[in-house]
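Enquirer: My structure is below; once you've seen it, I'll send some questions.
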Amino acid sequence: MHNDPTANRRTSLSLLLGALVLGALTPACVIRGSDFDNDPFMDAGEGGDEADDAASGEEVPEEDEDMSEPEAPEDEPPALVELPMAGGSGGELYVDPCAEGQALVGFGGYLDSRGWHGVMAAGCAELTLVQAEDGSYSVEVGEPIAMPLHGTNGSEPWISACPAGEVVVGFAGRSGALLDQLELACAPFIVVVTEAGVEVGTGEPHFLLAVGGEGGEAFEPLLCEPGRVGMVSRMRAGESIDALGISCGSLAVELD
């Protein structure tokens, strides 16, 4: 029977994410071995491949209809702030936004045998504001949902994910022409009740274990502004992961 390595990679990463949900993995670790037989969690798509568009059935707007987005007031902060990308300029750019009400909670993939990152996917999770019986509030972070895989060269699976109740707010690492090493930064939520309502912010960021090799040069930590969290993964990839960046957005959580 023909063995599809791409399908194996999808299955392996799905199982790793599934293990994360069950609490079987530490917050950041490298798992060796990739022989898995089933996929109880979910499929992550191949890098660069998009599902066929379904017919929407929506009417085509008239040519003179103004479909432009309304401009935000000058004093209103931008919806998303792009952090600089770390790595080279090769490969294609892939932008994977989390769905509305979600944030980045980790990344997973496969290291190339020479140490750099060869295959990678982001993971998002839904954020929900929950009120306890004593009237206090907290932000509940849902189960991780795998975004599409990018890159093709990789054999050693890994996953780096924020502890329960935290989200990605930046990263550090090493890079040259490719992304050699990734060290995610996570932060907890801080919920304060004021006369004006419930305010949700972020606490002090902390870094997880570094994943990858010692090639390239170390780059300065790239962090979201306080109160913003990672909501979009931006990767450049060909056969390997050339560069990584994230976009930070303001928190918008709904009361459960």
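The values are calculated or read from the model by the stated rules, or taken from the named source; none is laboratory data. All of these numbers come straight from a predicted model, not from anything done at the bench. Every residue, glycine among them, receives a Cβ derived from its backbone with ideal geometry; neighbour counts consider all protein chains shown.
Enquirer: So if I check each of Val200, Val192, which one is of a type outside the set (Asp, Glu), without any contact (Cβ under 8 Å) to a residue 12 or more places away in the chain and within 23 Å of Gly101 (Cα to Cα)? I'd like the intermediate steps shown before the answer.
Expert: Details: Val200 fails: without any contact (Cβ under 8 Å) to a residue 12 or more places away in the chain.
Testing whether each residue is of a type outside the set (Asp, Glu), without any contact (Cβ under 8 Å) to a residue 12 or more places away in the chain and within 23 Å of Gly101 (Cα to Cα) leaves just Val192.
Enquirer: Let me ask another. Does Glu199 fit the bill of being over 19 Å from Ser250 (Cα atoms) and either among the small types (Gly, Ala, Ser) or surrounded by fewer than 20 Cβ atoms within 10 Å (Cβ to Cβ) (or both)? Before the answer, list the steps.
Expert: Values: over 19 Å from Ser250 (Cα atoms): no; either among the small types (Gly, Ala, Ser) or surrounded by fewer than 20 Cβ atoms within 10 Å (Cβ to Cβ) (or both): yes.
For Glu199, the condition - over 19 Å from Ser250 (Cα atoms) and either among the small types (Gly, Ala, Ser) or surrounded by fewer than 20 Cβ atoms within 10 Å (Cβ to Cβ) (or both) - is not met.
Enquirer: If you don't mind, there's one more thing I want to ask. Looking only at residues that are touching a Ser or Thr at 6+ places or on another chain (Cβ under 9 Å) and at pLDDT below 95 in region 229-256, which one is surrounded by the most Cβ atoms within 10 Å (Cβ to Cβ)?
Expert: Of region 229-256, the ones touching a Ser or Thr at 6+ places or on another chain (Cβ under 9 Å) are 229-234, 236-240, 242-247, 251, 253-256.
So of that shortlist, the ones also at pLDDT below 95 come out as 251, 253-256.
Working: Leu251: 18, Val253: 20, Glu254: 9, Leu255: 9, Asp256: 8.
Selected residue: Val253.
Enquirer: Say we look at region 147-183 and pick out the residues that are among the small types (Gly, Ala, Ser) and out of contact with any Gly (no Cβ under 9 Å at 6 or more places or on another chain); which of these is surrounded by the fewest Cβ atoms within 10 Å (Cβ to Cβ)? Spell out the reasoning first.
Expert: At the first step, the residues of region 147-183 found to be among the small types (Gly, Ala, Ser) are 151, 154-155, 160-161, 164-165, 170, 172-173, 175-177.
Narrowing the set further to residues that are out of contact with any Gly (no Cβ under 9 Å at 6 or more places or on another chain) leaves 165, 172.
Working: Gly165: 13, Ala172: 18.
Looking at residues that are among the small types (Gly, Ala, Ser) and out of contact with any Gly (no Cβ under 9 Å at 6 or more places or on another chain), I get Gly165.
Enquirer: Those residues that are surrounded by fewer than 20 Cβ atoms within 10 Å (Cβ to Cβ) and within 21 Å of Phe219 (Cβ to Cβ), I need them from region 97-123; list them, please.
Expert: Arg114, Gly115
Enquirer: Filter region 190-226 down to residues that are at pLDDT 95 or above and of a type in the set (A, V, I, L, M, F, W, C), then give me how many there are.
Expert: Of the residues in that region, 10 qualify.
Enquirer: Being touching a Cys at 6+ places or on another chain (Cβ under 7 Å), in contact (Cβ under 8 Å) with a residue 60 or more places away in the chain and not in a strand (DSSP E or B) is the requirement here; does Glu239 meet it? Reasoning before the result, please.
Expert: Details: touching a Cys at 6+ places or on another chain (Cβ under 7 Å): no; in contact (Cβ under 8 Å) with a residue 60 or more places away in the chain: yes; not in a strand (DSSP E or B): yes.
So Glu239 does not fit the description; no.
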